[in-house]
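Accompanying notes for the structure given below.
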Amino acid sequence: MPRRLTAEELRAVCDPGSLPFASTAELLPLDGMIGQERAVGATAFGIGMKRVGYNLFVLGAARTGKTSTMRRVLSRAAATEPTPSDFCYVYNFADPYRPVALELPAGRGRELREEMERLVEECRSRLPRAFESEEFERQKAQILEEVGRRQEAEMERFDAVVRDAGFALLRTPRGPVLAPAPRGEPLSAEEFAGLPGETKRELEGRGAALGEQLEAMLRQLRQLEREARQAHAKLVEDVAAATIQHLIQEERDRFAGLPAVDRYLGEVEKDLMAHAEEFRRLDEKPALPFLPAPGAFLDRYRVNVLVDRAGGQGAPVVLETNPTHRNLLGRIEHRVHLGTLVTDFTLIRAGALQQANGGFLILEAIDVLRNLFAWEALKKALKSRAVRIEEPLQELSAFSAGTLAPEPIPLSVKVVLIGSPQLYYLLYALDEDFGELFKVKVDFDDSLPRTGEYEELYARFVGAACAEEGLPAFSREGVAKLIEHASRLAGDRGRLTSRMGDLLDLIRESAFWAGVGGCALVGAEDVGRAISRKMHRANLLEERFGRLILEGTHLIATDGEALGQVNGIAVLTAGDHAFGRPSRITARTFAGEPGVVDIEREVKLGGPIHSKGIMILAGFLAGRYARERPLALAASLTFEQQYEEVEGDSASSAECYALLSSLTGIPLSQALAVTGSMNQQGEIQAVGGINEKIEGFFDICRARGLTGRQGVLIPESNARHLMLREDVVEAVGHGRFHVHAVGTVDEGMALLTGREAGLRQPDGVFPEGSVNAAVEAALQANIARLKELRGK
């Protein structure tokens with residue numbers, strides 16, 4: 001049976017007296033999230049599970065506090081974890097284009113960088129002094145003197161051989177040259193040409209033999225020079241070793257127990273020894289402006305601390321708000337040199353994965369997917385458990401710039417993706433890697449049970465928000481008003497919304513209005529004012545629709561009766577504001593080919609769910625009235641003055657009422673509006689936006705004047721969702737407006753027509769005078785008329 005709901009059934013009021021405090025300042029701040037036991041358990045499991053692939057995907061409605069909650073939970077868990085390692089990149093002396101990655105205990109990376117800077121400074125000051133010392137100069141002079149003496153002795157020996165052979169050794173810019181000198185003085189070309197042939201041949205023979213000895217002598221001189229250079233290099237090495245080995249050993253002792261650093265210091269020692277003498281020329285200017293400065297080679301001894309954990313406590317928790325490929329995996333920067341982009345290992349920069357290594361990385365899933373290459377790069381890093389810094393599509397670049405191939409860094413990170421349920425299920429269905437990499441689903445519910453326990457938790461949340469943001473505390477009346485609004489946002493009088501972002505906005509705005517009013521505590525009036533003022537800021541479109549109705553531009557009747565016409569109600573959403581918009585639904589029945597024409601579908605303004613509702617309506621009619629005879633019904637249905645797409649099936653019951661009215665000639669009350677979908681059994685089913693729909697029709701009726709006959713028909717199953725405005729509840733309480741809950745089409749027709757719908761009797765006939773009897777009579781008349789027309 002249909003029933004008229006009482007005022008108490010239209011809004012679940014929170015009694016301030018049930019709240020055990022005078023103001024939220026007395027309450028302990030909320031520590032953690034409200035409810036969400038499923039999400040809490042899943043998060044704890046994901047954090048504790050150290051196996052590969054057990055990354056987390058957090059899903060739920062927007063503004064439920066997923067990101068802030070995960071940051072808080074992960075920060076607590078991270079505080080108990082060990083602090084992960086530092087990572088550094090250093091010069092690769094064997095292959096400069098492949099920098100070496102060093103892993104060091106937390107804080108030691110910065111220490112290594114500082115020690116290497118100190119080492120270079122020590123070398124800059126000590127090595128030049130060592131090479132300028134008297135002992136070095138004396139030993140160097142001895143080497144030069146010894147090689148000079150031996151070269152001179154060799155030259156004198158060969159010169160004596162040349163003179164004995166009748167030749168002279170001439171020194172020219174091109175080197176030593178042999179010239180005939182039978183009489184002690186070198187012969188000119190003319191003199192040599194004037195010699196007898198036998199003498200010339202003899203001199204030429206001796207000259208050839210001496211030439212071979214000259215070559216041997218020159219080779220000996222070069223060997224002496226090489227020996228001198230080797231002796232000098234050995235001297236430099238010995239002098240440098242006396243300084244460098246001592247400094248390197250100090251560093252080895254400092255970083256004892258770190259094999260990777262020990263190997264690196266060994267390479268540094270060898271390279272310093274090889275470049276030791278260059279420290280004497282560090283202050284010289286390059287010969288040409290484009291040549292590197294003498295001290296440029298010192299950059300290879302720098303340490304690029306990629307990830308510095310110095311001073312860190314526990315594991316890191318990183319929230320990356322712009323997860324591009326470079327921001328996730330790191331990047332290799334370049335600098336311009338002589339019009340060319342160049343780089344080196346000191347220009348390698350860390351990304352979010354390196355920063356979060358050993359801890360937790362929080363990402364918005366949609367942001368990762370929107371950034372080119374970021375999603376595939378993230379998956380590759382998680383699968384390989386290593387971070388490789390590289391430029392995406394470098395091989396397709398239009399120009400070539402010097403780049404590096406840094407050694408990959410081992411990766412051990414727990415990635416937390418945050419997104420919508422739709423995105424989660426889409427990725428799970430379309431990406432074969434997703435299920436293997438994100439095995440932990442953390443599902444946030446969009447509402448919570450409305451119990452005393454959760455109401456108290458709500459109050460503690462309000463208190464914590466006020467304390468954290470420096471807002472005035474809320475009185476118990478203010479909290480009660482917030483709780484009532486939370487049920488309205490949840491769309492269920494028995495539940496509270498978990499969209500804490502919306503609640504936090506209301507807390508701030510209520511505190512603002514309390515401040516405007518000079519109140520020490522935020523009360524119910526301030527909360528109510530915040531709600532109404534926010535609605536006023538957003539409801540311009542709603543007012544325009546209402547004005548069109550009141551002016552008669554948009555035709556909506558709120559009193560009287562009409563055939564084949566009923567008031568339906570749709571919900572329109574404009575940004576953050578939703579409101580009910582009454583619409584006139586009309587039906588026309590006529591002679592023609594049997595069938596129900598959905599005008600919206602025919603002109604492609606009807607969505608698939610709306611079309612489904614019309615087909616269900618046709619199924620109901622056929623099932624009830626055409627079991628033994630054809631459904632002789634030709635009809636059309638439409639939303640009058642509707643120029644945008646119609647979607648949803650919440651008007652299918654209203655369309656049914658309009659069609660039955662047109663068929664039977666029984667008028668429908670225009671003082672009532674209807675919402676509710678129907679099934680093929682004629683049962684009325686729940687719909688969404690029930691509060692906004694009722695309020696939308698109420699506002700039009702109130703503007704025209706409430707008569708006490710006006711009201712709305714809603715599904716019985718929607719009664720538990722009602723959280724209507726106080727003015728609507730007040731009007732219902734005084735009998736000026738009504739909300740009727742119906743469970744079947746028959747109950748709705750009875751209310752709209754004032755006549756009993758009628759149940760089929762055991763003899764298969766509906767009671768005389770009932771709506772259903774009129775329907776059946778009209779259909780039988782149609783059949784007879786069709787037979788008559790076909791007989792003609």
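Quick notes on this structure:
- Estimated distance in nm for a label pair at GLN641 and THR321, the labels positioned 7 Å out from Cα along Cα-to-Cβ: 4.6
- Panel values: the stretch 463-619, Kirkwood radius from alpha carbon pairs, Stokes-Einstein at 37 °C and 0.692 mPa s, translational diffusion coefficient 168 µm²/s.
- Rolling a 1.4 Å probe over the protein heavy atoms of the stretch 311-369, with every protein chain left in place, gives an accessible area that is 49 percent carbon and sulfur.
- Taking N as the residue count of the stretch 484-545, its C-alpha radius of gyration divided by 2.2 N^0.38 Å amounts to 1.23.
- From the largest down, the stretch 58-117 spans 54, 26, 16 angstrom on the principal axes of its Cα atoms.
- Area accessible to solvent at PHE360, 1.4 Å probe radius, in Å²: 10
- Fully extending the segment from PHE45 to GLU333 would add 99.8 nm, taking 0.36 nm per residue of separation and subtracting the current Cα-Cα distance.
- Calculated over the chain: convex hull of Cα atoms, volume per residue (Å³): 324
- Per-residue SASA entry for GLU593, accessible area with 1.4 Å probe, Å² rounded to 10: 150
- Listed residues GLU145, GLU407 arranged by accessible area, highest first, probe 1.4 Å: GLU145, GLU407
- The stretch 200-261 shape via C-alpha gyration tensor axes, a/c threshold 1.5: prolate
- With respect to the chain, whose longest principal axis is taken over its alpha-carbon atoms, helix 452-469 is tilted by about 50°.
- Applying 0.36 nm per residue to the separation of ARG163 and LYS234 and subtracting their alpha-carbon distance, the gain on full extension is 21.7 nm.
- Rounded if a/c under 1.5, otherwise prolate or oblate - the stretch 236-373, Cα gyration tensor axes: oblate
- Accessible area per residue in Å² at 1.4 Å probe, computed on the stretch 696-785: 40
- Largest to smallest accessible area among LYS612, LYS604 [probe 1.4 Å]: LYS604, LYS612
- Here the relative contact order of the chain, from alpha carbon pairs under 8 Å that lie six or more residues apart, stands at 16 percent.
- Computed extension length for LEU282-GLN220: 18.8 nm, one decimal, from 0.36 nm per residue of separation with the Cα-Cα distance subtracted.
- GLU551 - accessible surface, heavy atoms, 1.4 Å probe, Å² rounded to 10: 120
- Accessible surface of the stretch 95-154 [probe 1.4 Å, protein heavy atoms]: carbon and sulfur percent: 44
- Residues of type lysines that LYS693 reaches as a straight line, Cα spacing below 21 Å, ignoring anything fewer than 8 places off in the same chain: LYS534
- Surface share of carbon and sulfur [accessible, 1.4 angstrom probe, percent] for the stretch 652-792: 50
- In the full protein context, the stretch 1-132 carries 50 Å² of accessible surface per residue, based on a 1.4 Å probe and ignoring ligands, DNA and RNA.
- Gyration tensor verdict on the stretch 1-87 (Cα atoms; rounded if a/c is under 1.5, prolate if a/b is larger than b/c, oblate otherwise): oblate
- Take every Cα pair under 8 Å whose residues are at least 6 apart in sequence, average their separation, divide by the length of the stretch 675-792, and the relative contact order is 21 percent.
- With N as its number of residues, the stretch 384-494 has a Cα radius of gyration that, divided by 2.2 N^0.38 Å, comes to 1.84.
- Taken over the stretch 647-688, the alpha-carbon convex hull comes to 86 cubic angstrom per residue.
- Extents of the stretch 640-792, largest first, come to 61, 39, 28 Å (Cα atoms, principal axes, whole angstrom).
- Couplings 3J(HN,Hα) of the stretch 600-605, computed from phi: 4, 5, 5, 9, 6, 9 Hz, in residue order, whole Hz [Karplus 6.51 cos²θ - 1.76 cosθ + 1.60, θ = phi - 60°; x for Gly and Pro].
- Sequence of LYS200, LYS50 when ordered by accessible area, the most exposed leading, probe 1.4 angstrom: LYS50, LYS200
- Panel values: the stretch 534-582, Kirkwood radius from alpha carbon pairs, Stokes-Einstein at 10 °C and 1.306 mPa s, translational diffusion coefficient 131 µm²/s.
- Ratio of the Cα radius of gyration of the stretch 115-225 to 2.2 N^0.38 Å, where N counts its residues: 1.77
- Structure note, pairs LYS66/LYS439; LYS66/LYS414; LYS441/LYS612; LYS604/LYS787; LYS66/LYS481: Cα-Cα distances above 23 angstrom occur for LYS441/LYS612; LYS604/LYS787; LYS66/LYS481.
- Using the Cβ-Cβ distance between SER133 and ARG254 with R0 set to 35 Å, the FRET efficiency works out to roughly 0.80.
- Proximal lysines relative to LYS270, as straight alpha-carbon distance under 24 Å, when same-chain residues fewer than 8 apart are discounted: LYS140, LYS234
- Amide H contacts for VAL712 (H built 1.01 Å from N in the peptide plane; partners 5 or more residues away or on another chain; cut-off under 5 Å): ALA673, HIS738, VAL739, HIS740.
- In this structure, ALA703 and ARG3 have a Cβ-Cβ separation that, at R0 = 30 Å, corresponds to a calculated FRET efficiency of about 0.65.
The values are calculated or read from the model by the stated rules, or taken from the named source; none is laboratory data. The model shown is predicted, which means the values in this text are computed figures rather than measured ones. Positions of Cβ are backbone-derived with ideal geometry, glycine not excepted, and every protein chain shown enters the neighbour counts. To get the accessible areas, we keep the full protein, side chains included, count just its heavy atoms, and leave off ligands, DNA and RNA. Shrake-Rupley method; radii C 1.70, N 1.55, O 1.52, S 1.80 Å.
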